[in-house]
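Engineer: The structure's right below; bear with me while I get my questions together.
Coordinate-derived values only; no laboratory data. The structure displayed is predicted, hence computed values, not measured ones. As a convention, Cβ positions derive from the backbone with ideal geometry for all residues, glycine included, and neighbour counts pool all protein chains shown.
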Amino acid sequence: MILGGAAEAREIQLGHTLSDDSHYSVGADAFKETLEEVSDGEFTVREHPAGSLGGERDMIEGLQIGTVDAVITSTGPLGNFVPETYVLDLPFLFRDYEHARSVLDSEIGDDLLAKMEPHNIIGLAWSENGFRHMTNSRNAVQEPSDVDGMKIRTMENQVHMNAFEELGASPTPMAFPELFTALQQGTVDAQENPVTVIVATKFWEVQDHISLTGHVYSPAAVLGSGVLWSELTEQERDWFNQAAQASAEATREEVSRLETEGLDLLRENGMTVVEDVDKTPFQNAIEPVYESFKDEYGTEMLNRIQNFE
Ligand code: EAX
C-alpha cells in the first residue's frame, strides 16, 4: 500500500516484431501516448520493437504467463492458442480493406476478441497488417505454376501452410525475426507479407520480385496479458481499451498511406512489381483449404464473414 504522495507509475512492456519506423510502431506510439495521457501517468509504456522480446508466438506465450504486458501481433501464430481466429487466415476471404475493417469492427470482431480470454490473452482491439503479397528472388510470379516448388517462408499458421501446399510451393513456417537472414542465406527463396512489412524490413535487399497477389488479408491484434488484466480495476481496463483503440486507428491510417506510397519505394529500391495478377487461378487452387477448414471448424463464422454487408 502506498501512503501519501503519488503512486509509482507502473511500466507496461509492449512488444512487436517490426522496425521502429513501421506501422506497428506508429500504433505502439499511439498506445503509449493514449495510455499515459488517460491514466494521468499512472501507467507508462516501454516499447520493444523489432522482435526484441522474441517472435510473435513467444510474445503471446509471454502474455499468458505475464512476462509481457501487451503485444501488437499478426494473427500468424494466434490460431495455435485460440483456434477460432483461424477463420481470419483463410485466403481470399476478405474482398477489400473496407470489408475487412468493417467485419473486425462489428460484433464478429468483438466475438473473436472475446474468445481469447479463456486462454489468458486479452483481445483489446483489431489493428492491421494489410493484404499480403508474394515476394521472391527466383522469378516473377504471374500464376500458380510460377510458385511451383518455391521454398516460401510462411507464418507459423496451419491455414497458410495448407494454402501454399495447394499452390504447389514448399512452405517453411518460421518466426518473423529469423526471416531476413533466411532469405539472405537462401534457406528460403520467397516470403509473403503486406507492403507495410516489406517496406519496414527493407526486403528489397534480399528479394527481387513482388507480385500483388493480395492472397490474404492479415489483421493485427492489440493483445494484453491475462495476468496483468486480473490486477486491473474496471477503470484501468477502460484506459487500456482506449489505448488499444487509438493504436488500431493510427496503424490503419499508416497502412492506408503505405498502400499507395509503398509500391514506389519498392520500385525505387529495385524490385520488379507485377501488378496485374489474375487472382482467380490462385483462388481456385486453394479451394481445398476451405473444405478442410469447414470440416474442422464448421461454417458458422465463415458464413457470417462472407455474408457481411
Ligand atoms: O506481424 O510474421 C509475419 O510475417 C508478420 O506479418 C509480421 O511479423 C508482422
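Engineer: Of all DSSP beta bridges located in the chain, what percent are antiparallel, nearest 5?
Structural biologist: Counting only bridges with both partners in the chain, antiparallel ones make up about 60 percent.
Engineer: Mind pulling the per residue volume of the convex hull built on the Cα atoms of the chain? Å³ is fine.
Structural biologist: 123 Å³
Engineer: For the stretch 129-240, place one equal point scatterer on every Cα, skip the solvent, and apply the Debye formula. What is log10 of I(q)/I(0) at q = 0.09, 0.14, 0.20, 0.23 Å⁻¹?
Structural biologist: Here log10 of I(q) over I(0) equals -0.30, -0.59, -1.00, -1.32.
Engineer: Once you've got the GNM for the chain with C-alpha springs shorter than 10 Å, pick whichever of Thr272, Thr280, Thr213 has the biggest mean-square fluctuation.
Structural biologist: Most flexible of the set in this elastic network: Thr280.
Engineer: For the Cα atoms of the chain, what angle does the longest principal axis make with the long axis of helix 234-268, in degrees from 0 to 90, nearest 10?
Structural biologist: Its long axis makes an angle of about 30 degrees.
Engineer: Still on this model: For the chain, what does the relative contact order come out to in percent, with C-alpha contacts under 8 Å and a separation of six or more?
Structural biologist: Averaging sequence separation for qualifying contacts and normalising by length gives 27 percent for the chain.
Engineer: Distance from a point 7 Å along Cα→Cβ of Asp278 to each backbone N in the stretch 203-226: keep the residues under 16 Å and list them by number.
Structural biologist: Inside the label zone: 212-213.
Engineer: Now for a different question. Suppose R0 equals 25 Å. What FRET efficiency, 1/(1 + (r/R0)^6) with r the Cβ-Cβ distance, do Glu261 and Asn139 give to the nearest 0.05?
Structural biologist: 0.40
Engineer: Quickly estimate the mean residue ellipticity at 222 nm for the chain, helices only: each DSSP H run with n ≥ 4 gives -39500 (n - 2.57), and the total goes over all residues, rounded to 500.
Structural biologist: -12500 deg cm²/dmol
Engineer: Let me test this: with uniform point scatterers at the alpha carbons of the stretch 69-173, what is the Debye-based log₁₀ I(q)/I(0) at q = 0.14, 0.21 1/Å?
Structural biologist: The computed values of log10 I(q)/I(0) come out as -0.63, -1.16.
Engineer: Hey, another quick one. Return the FRET efficiency for the residue pair Thr67, Glu117: r is the Cβ-Cβ distance, R0 is 22 Å, and the value is rounded to the nearest 0.05. Can you show the working numbers first?
Structural biologist: Numbers: r = 19 Å, r/R0 = 0.84.
So the FRET efficiency works out to roughly 0.75.
Engineer: Computed FRET efficiency, Cβ-Cβ of Glu33 and Asp105, R0 30 Å: what is it to the nearest 0.05?
Structural biologist: 0.90
Engineer: Calculate how steeply helix 287-297 sits against the longest principal axis of the alpha-carbon atoms of the chain, using the helix alpha-carbon long axis, and give the answer as 0 to 90 degrees to the nearest 10.
Structural biologist: 40 degrees
Engineer: Report the residues of the stretch 80-104 in range of a label on Ser230: point 7 Å along Cα→C-beta, backbone N strictly under 17 Å from it.
Structural biologist: Counting only backbone N, you get no residues.
Engineer: When the dipole is taken about the Cα centre of the chain, and only Lys, Arg (+1) and Asp, Glu (-1) are charged at their Cβ, what size is it in debye, to the nearest 20? If you can, show how the numbers build up before the last one.
Structural biologist: Working: 19 positive and 56 negative charges, 125 e Å.
The calculated dipole for the chain is roughly 600 debye.
Engineer: What is the gain in length, in nm to one decimal, between Thr181 and Glu249 on full extension, counting 0.36 nm per residue of separation less the C-alpha to C-alpha distance? Mind dumping the intermediate values first?
Structural biologist: Working: separation 68, 0.36 × 68 = 24.48 nm, distance 3.16 nm.
The span from Thr181 to Glu249 would gain 21.3 nm if fully extended.
Engineer: Residue by residue through the stretch 179-188, what is 3J(HN,Hα) from phi via Karplus (6.51 cos²θ - 1.76 cosθ + 1.60, θ = phi - 60°)? Round to whole Hz and write x for glycine and proline.
Structural biologist: Rounded to whole hertz, the list is 5, 4, 5, 4, 6, 4, 8, x, 4, 10.
Engineer: Could you give the nm distance between label points at Thr172 and Arg237, where each point is 7 Å from its Cα heading toward the beta carbon?
Structural biologist: It works out to 4.4 nm between the two label points.
Engineer: In addition: Just grab the label-to-label distance for Glu300 and Lys202, each label 7 Å out from Cα along the Cβ direction, in nm (one decimal).
Structural biologist: 4.9 nm
Engineer: Using only Cα atoms and rounding to the nearest 10 degrees, what angle (0 to 90) does helix 23-38 make with the longest principal axis of the chain?
Structural biologist: 10 degrees
Engineer: Now a separate question. Please identify, among Pro281, Pro171, Pro91, the residue showing maximal mean-square fluctuation in a Gaussian network model of the chain using a 10 angstrom Cα cutoff.
Structural biologist: Pro281
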